[in-house]
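Q: The structure follows.
The values are calculated or read from the model by the stated rules, or taken from the named source; none is laboratory data. Remember, predicted model here, so these are calculated numbers, not experimental data. We place every Cβ from the backbone using ideal geometry, glycine too, and count neighbours over all the protein chains shown. We work out accessible area using only protein heavy atoms, side chains counted, and drop any ligands, DNA or RNA first. Shrake-Rupley method; radii C 1.70, N 1.55, O 1.52, S 1.80 Å.
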Amino acid sequence: MANERVSGKAAQMGTRLASGEDLEHIVRPEEGLISRRIFADPEVYERELEGIFGRAWFFIGHESEIPERGDIVARQCGVDPVILVRDQAGVVRAFLNSCRHRGMRLCRTDRDNATTLRCPYHGWAYSISGELLAASSEHHYGPGELDKSQLGLIPVTRLGSYRGLVFGSWDPAAPSLEEWLGDMRWYMDIIFGRTGEIEFVGVPQIWDVECCWKIATDNFTDNFHVYWTHQSLVELGLLPSDPDFASHGHMVTLNNGHILHFVQGPPMEAFQGLGLPKSLWPRFKEHLNPAQAQIAQAHGYSAGTMWPNFHWLQLVTTGDTKSEPVGILNLRLEIPLSPTRTRMYSWFAIDKAAPADYRKISYETYVRCFGPSGIFDQDDMENWEECTATARGPAAKRYALHHKMGIGRSPDATWPGPGTSYADSYGEMTQRAWYAEWLRRMRHPAHAPGAVQRPRARVAS
Amino acid sequence: MSAVREPAGAPADRCAPGKPLYGEILEFLYREAALLDNNEFAAWVELCAEDIHYVMPVRTTQFRARGAGFEQVSFFDENINSLRTRVARLQTESAWAETPPSRTRHFLTNVLVTGTDRPDEFAVAANFLVTRTRAEQAYQMFAGRREDLLRRVAPSEYRIARRRILVDQTVITSANLSVLF
């Protein structure tokens, strides 16, 4: 019984809320019951800021977004503003976007190329490698009052990259990025390494949605919604008319809450090879091992979540009723702004080896289908806002959401990849695994990362 | 496509308020806006030329020296087929973002009309404010500048050959862009 777990250890670990309810009791992933309380509750949100956003690894940006020395993009690491830079030596670094003096935001544009950053408040100047170079009117500081060697920019505590994706964590005790990603790397190889390198194209689309970040996150590995939420596209013939069409695949759950799907799609050539042009298919065998290459060859769609809030969507679709389906790689990130408001980031990415005509049509199809104007995404955001709005009241908070689909299903031992895999990608195993990791994280309050000074993290360039 | 001169071009190319052509174009813009506000999307898309390029670039914050911040990546990048698909979608009963529909107002001001190299095409720039509310939601607002290329196909009749929607926001404060501009 769930309430047996409420006593003793769980309570000591701080999962009890001010209301007297215990997260262990109201969030029961193994039973498929997730309380509405966690989606619109300031207290839960405050605990997430430390327990999750102070501790996990977060996507910051892709190395292809800062190709030149001196390139800077302003981003987030968790919920903290950071700059991601390629310094004059070509080293990728990330720092809190805040002056050491009064905390003023240092980089106040979305992207730039510079050798130094000067604070507008009192003129403290930093190299983009993070050293404090000068504070103005320094002669007013007495001996020992301004130790510039100790006042460099605050580096993201842990920084790492995998296949060009740069991640950071504010937890000095976090496992290495490789360890954190674990077997997810095997699947990331398929998405980000199938033909060589992937590049992000241009800047992200950014928009704010009045929803709980978890409601959005929950949606990204939910294949079950596709037929009904995107019913308008079924009516127009852009999606198949079979309600089970998105179920023909496998879902995988991995350690550390990482989750994903691979789905075949209709039996058409366009839906093989991840929707990539046929000319690129031979590269699968060059860049992947045989099991990975077979998965890339045999599937059209894939969705994956690098826990907690970074997602890939590899899709085959068309943006209008006259065109042929084409592959799209879309990367997504949710940053919570409040319990019920979330900043969405959406990037378009493509294989560097892709031919120019495919690159153009893939990009255009992405813009037409995804992001805030996307004929797919528009309706998803409607769901996220309304699911959040209905979770605010005291009555709603007494009731759980239902995540039971496939709870009794046995894993498929024939799947060639790592993790626990299930045939049939209609099922809520992925979301249950995600909430199980959320609960595990919420049991352990964060360290105080601000007190920790660490050597600057580096990414080899 | 013919080169479009900016509204700040030679005075001889400008078409000032009070001139019959200016009034004709203004009336066209108002009729077009009314179709959008009245949910008459099928009639609206008929005003788009077969070769239309309808684009809303993503904007980033940049220092003045680096320009206005309009990027290569867009929120909309449409041709006639994709616009017709959007309109057809709005006419289903399952486009949930617009079912039930939003209530919008398209406000246009500061309209400047300039001639181009072609006698039948005019560069028309305007400031826009689009307000949107739906269900019990507060107003969402989109403000910016629209740069159109309008093609005169008959007296008082135009087709939209190009539309650039230059939105002021870098972060769109709306769940979606299910409305048209």
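Q: Looking only at the stretch A:64-84, filter to residues that are over 20 Å from the mean Cα position of the chain (by Cα) and either of a type in the set (V, I, T) or open to solvent by 30 Å² or more (accessible area, probe 1.4 Å) (or both); which one of those is nearest to A:F200 (Cα to Cα)?
A: A:P67
Q: Just to be sure, is A:S425 more than 14 Å from chain B (Cβ to nearest Cβ), modelled with pLDDT under 95 and open to solvent by less than 10 Å² (accessible area, probe 1.4 Å)?
A: yes
Q: Kindly indicate whether A:A457 is touching a Leu at 6+ places or on another chain (Cβ under 6 Å), surrounded by 14 or more Cβ atoms within 10 Å (Cβ to Cβ), in a loop (DSSP other than H, G, I, E, B) and modelled with pLDDT under 95.
A: Against the criterion (touching a Leu at 6+ places or on another chain (Cβ under 6 Å), surrounded by 14 or more Cβ atoms within 10 Å (Cβ to Cβ), in a loop (DSSP other than H, G, I, E, B) and modelled with pLDDT under 95), A:A457 qualifies.
Q: Would you mention how many residues in the stretch A:108-130 are within 10 Å of chain B (Cβ to nearest Cβ) and either crowded, with 17+ Cβ neighbours inside 10 Å or in contact with a Phe, Trp or Tyr (Cβ under 7 Å, 6 or more places away or on another chain) (or both)?
A: The number of residues fulfilling the criteria is 4.
Q: Please go through the stretch A:42-63 and pick out each residue that is open to solvent by 30 Å² or more (accessible area, probe 1.4 Å), more than 25 Å from A:E179 (Cβ to Cβ) and not acidic (D, E).
A: A:P42
Q: Pairs please, first residue from the stretch A:404-416 and among the aliphatic types (A, V, I, L, M), second anywhere and open to solvent by less than 70 Å² (accessible area, probe 1.4 Å) and in a loop (DSSP other than H, G, I, E, B), Cβ atoms under 7 Å, 6+ apart in sequence or on different chains.
A: Between residues of the stretch A:404-416 that are among the aliphatic types (A, V, I, L, M) and residues that are open to solvent by less than 70 Å² (accessible area, probe 1.4 Å) and in a loop (DSSP other than H, G, I, E, B), the close pairs are A:M405/A:Y426; A:M405/A:G427; A:M405/A:E428; A:I407/A:G32.
Q: I've got another one for you. Quick one: what pairs do we get from the stretch A:144-165, first residue without any contact (Cβ under 8 Å) to a residue 24 or more places away in the chain, second in a loop (DSSP other than H, G, I, E, B), C-beta under 8 Å, 6+ apart or different chains?
A: A:L146/A:A135; A:K148/A:E131; A:K148/A:A135
Q: Return the total of residues in the stretch A:265-288 being outside any helix (DSSP H, G or I) and of a type in the set (F, W, Y).
A: 1
Q: Also, I was wondering about something else. Hey, among the residues in the stretch B:153-176 that are hydroxyl-bearing (S, T, Y) and without any contact (Cβ under 8 Å) to a residue 60 or more places away in the chain, which one's nearest to the other protein chains (Cβ to nearest Cβ)?
A: Per the criteria, the residue is B:T173.
Q: Moving to a separate point now. Run B:V124 past the list (1) of a type in the set (V, I, T); (2) surrounded by 17 or more Cβ atoms within 10 Å (Cβ to Cβ); (3) without any contact (Cβ under 8 Å) to a residue 40 or more places away in the chain and report the number of the one that doesn't hold.
A: So the condition that B:V124 fails would be (3).
Q: Based on this model, can you work out whether B:E27 counts as exposed (fewer than 13 other Cβ atoms within 10 Å of the Cβ) and modelled with pLDDT of 95 or more?
A: In short, yes.
Q: Considering the stretch A:283-335 alone, what residues qualify as being over 30 Å from A:C77 (Cβ atoms), polar (S, T, N, Q) and away from chain B (no Cβ under 14 Å)?
A: Of everything in the stretch A:283-335, those that are over 30 Å from A:C77 (Cβ atoms), polar (S, T, N, Q) and away from chain B (no Cβ under 14 Å) turn out to be A:N289, A:Q294, A:Q297.
Q: Could you tell me whether A:F39 is in contact (Cβ under 8 Å) with a residue 60 or more places away in the chain, surrounded by 19 or more Cβ atoms within 10 Å (Cβ to Cβ), touching a Leu at 6+ places or on another chain (Cβ under 8 Å) and closer than 25 Å to A:R341 by Cα?
A: Answer is no for this residue.
Q: Can I ask one more? Test B:Q62 against the criterion of being at the interface with chain A (Cβ under 7 Å from one of its Cβ atoms) and assigned to a strand (DSSP E or B), and give yes or no.
A: Answer is no for this residue.
Q: Tell me which of these B:V179 doesn't satisfy, since it passes every other one: (1) touching an Asp or Glu at 6+ places or on another chain (Cβ under 9 Å); (2) in contact (Cβ under 8 Å) with a residue 60 or more places away in the chain; (3) open to solvent by less than 40 Å² (accessible area, probe 1.4 Å); (4) in a strand (DSSP E or B).
A: (4)
Q: Taking the stretch A:101-160, which residues are among the acidic types (D, E) and more than 16 Å from A:V91 (Cβ to Cβ)?
A: A:D110, A:D112, A:E138, A:E145, A:D147
Q: Within the stretch B:93-119, can you find the residues that are open to solvent by 10 Å² or more (accessible area, probe 1.4 Å) and facing chain A (nearest Cβ under 7 Å)?
A: Matches in the stretch B:93-119: B:W96 only.
Q: Starting from the stretch B:53-69, keep only residues that are without any contact (Cβ under 8 Å) to a residue 12 or more places away in the chain, then list their pairs with residues that are hydroxyl-bearing (S, T, Y) whose Cβ atoms are within a distance under 8 Å, requiring at least 6 positions of separation or different chains.
A: Matching pairs, first to second residue: B:Q62/A:T109; B:F63/A:T109; B:R66/A:T109.
Q: Among the residues of the stretch A:246-253, is any modelled with pLDDT under 95, hydroxyl-bearing (S, T, Y) and open to solvent by 40 Å² or more (accessible area, probe 1.4 Å)?
A: No, the stretch A:246-253 has no match at all.
Q: Are there helices (runs of 4 or more DSSP H) fully within the stretch A:174-264 with at least 2 residues that are away from chain B (no Cβ under 14 Å)? List them.
A: A:177-181, A:184-193, A:213-219
Q: Residues of the stretch B:110-125 being under 20 Å from B:R159 (Cα atoms), out of contact with any Ser or Thr (no Cβ under 9 Å at 6 or more places or on another chain) and of a type outside the set (A, V, I, L, M), which ones?
A: Across the stretch B:110-125, the qualifying residues are B:T114, B:G115, B:P119, B:D120.
Q: Moving on. Against the condition open to solvent by less than 60 Å² (accessible area, probe 1.4 Å), under 14 Å from the mean Cα position of the chain (by Cα) and either on the phi > 0 side of the Ramachandran plot or touching a residue at least 24 places away in the same chain (Cβ under 8 Å) (or both), how does B:L36 come out, does it pass?
A: Here the answer is yes, as B:L36 does meet what is asked.
Q: Tell me which residues, restricted to the stretch A:343-375, are within 10 Å of chain B (Cβ to nearest Cβ), more than 13 Å from A:T318 (Cβ to Cβ) and open to solvent by less than 10 Å² (accessible area, probe 1.4 Å).
A: A:M344, A:S346, A:W347, A:F348, A:G371, A:P372, A:S373
Q: Here's another thing I want to ask about it. If you go through the stretch B:65-85, how many residues are more than 8 Å from every other protein chain (Cβ to nearest Cβ) and either within 29 Å of A:T318 (Cβ to Cβ) or part of a loop (DSSP other than H, G, I, E, B) (or both)?
A: Selection size over the stretch B:65-85: 5.
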